[in-house]
Structure formats: structure tokens, C-alpha cells
Amino acid sequence: MKTALIVGNPKPKSKTYAAGLLAANLIFEHEPTVVLDLAELGPELLIWESTATANAINAVRQCDAVIVACPTYKASYTGLLKLFLDLMPAGGLKDKLAFPLMLGASPAHTLVPDLLLKPVLVELGAVCPTPGLYLIDRTYDVDPNLFQWASAARRFLPFAPNTDS
């Protein structure tokens, strides 16, 4: 199974990046096949016919499952992630499992992954079988919600062991 992590933080190798990798290892039980730190694409996302952006989109489209990790900016996801998703063709995530993950400084934006990010992923054709997850950026790596969410998400993967017996 090919897996991807898309990180929408404008800062490279951010806490969001680390949280996304941790989530990937918990859900997929291995490093993602494709890791897109969108900060590294930067201005390429503004060039409509960018080869680097097209290659990034194609890499994600070859995957079976994707985690979309993003910090909360102005009570939403970042413009950087929006640019990338806007360049994705209609149906670009068709039949992909997608898991929205967002970080923020306070619990005030807990609903953002489900209210704002998940609908865009579904519009692109993704299947989001679990609720999105919002984590506090200072404690994401010890938050029990991350481990519970990953366990729930793992049940939707084709290779996941049956943990109900």
C-alpha cells in the first residue's frame, strides 16, 4: 500500500511535519511512501504549469491513503495547503483514504478539521472514514486522542490486522 503525507505548514520541517510523520507511523505502521512538505515547493505552487507541483500531485495520486496535516491559521487551514489543493484536478483524490490532521495553539478551533478541511478532501474524491483530528501543538506527541484516532484509522486500511477479536 502506497501512502502519503501532505504538510501544509509554511515553515519547513515544522511541528506539523513531525505530527504528520508520527501519525503516519501510527496509522500506516511505516514511513509514508510520499512526504510533501509544501513549504519546500513554495513559489512553485504559484506557477500554473510547474513541473515540481505536477510531480507532487502525481505522486499523491499514486497513493492509496493520505494524511493531510496542517496548522490552524485564522481559524482555517493555510493558504499554502489551499494553493496545492486548488491545483489538484477534479477527482484527484478519488477513492483515496484521507485523514485530516490539524494543529493549533488552543482548543478553540477543534472543529476546523471536520468543518473546513474534510469537505475539500471529499470534494476532491477522497474517502474520510474517521473524524478529523485537532491537536494542541505543544502536546501533540503525548495526546491520547492521537493514539485513539490512529487506532480507529488503522481499521480502515486493507492490511490492518483485525483487532476486534
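Using the structure shown, decide if V60 is in contact with a Phe, Trp or Tyr (Cβ under 8 Å, 6 or more places away or on another chain), open to solvent by less than 60 Å² (accessible area, probe 1.4 Å) and hydrophobic (A, V, I, L, M, F, W, C).
No: the conditions fail for V60.
Looking at L111, is it closer than 18 Å to V7 by Cα and at pLDDT 95 or above?
Here the answer is no, as L111 does not meet what is asked.
How do the pairs read when you match residues in the range 106-123 that are without any contact (Cβ under 8 Å) to a residue 40 or more places away in the chain with residues anywhere that are crowded, with 17+ Cβ neighbours inside 10 Å and aromatic (F, W, Y), using Cβ under 7 Å and keeping only pairs 6 or more apart or on different chains?
Matching pairs, first to second residue: H109/Y134; T110/Y134; P113/Y134.
Need the failing condition index for I6 against (1) open to solvent by less than 10 Å² (accessible area, probe 1.4 Å); (2) over 15 Å from L80 (Cβ atoms), just the number.
(2)
So, in the range 109-155, exactly how many residues are within 20 Å of D64 (Cβ to Cβ), open to solvent by 30 Å² or more (accessible area, probe 1.4 Å) and not small (G, A, S)?
Number satisfying all stated conditions: 8.
Please work out if L93 is outside any loop (DSSP other than H, G, I, E, B), modelled with pLDDT of 95 or more and of a type in the set (A, V, I, L, M).
When the stated conditions are applied, L93 does not pass them.
Of all residues in the range 1-59, which are part of a loop (DSSP other than H, G, I, E, B) and of a type in the set (G, A, S)?
Hits for the range 1-59 are G8, S14, S50.
Among the numbered criteria (1) open to solvent by 50 Å² or more (accessible area, probe 1.4 Å); (2) over 22 Å from L135 (Cα atoms), which one does E31 miss?
(2)
The values are calculated or read from the model by the stated rules, or taken from the named source; none is laboratory data. It should be emphasised that the depicted structure is a prediction, and the values quoted were computed from it without experimental measurement. Note that each Cβ is placed from the backbone with ideal geometry, even for glycine, and that neighbours are counted across all protein chains shown. Keep in mind that these areas ignore ligands, DNA and RNA; they rest on the heavy atoms of the full protein, side chains included. Shrake-Rupley method; radii C 1.70, N 1.55, O 1.52, S 1.80 Å.
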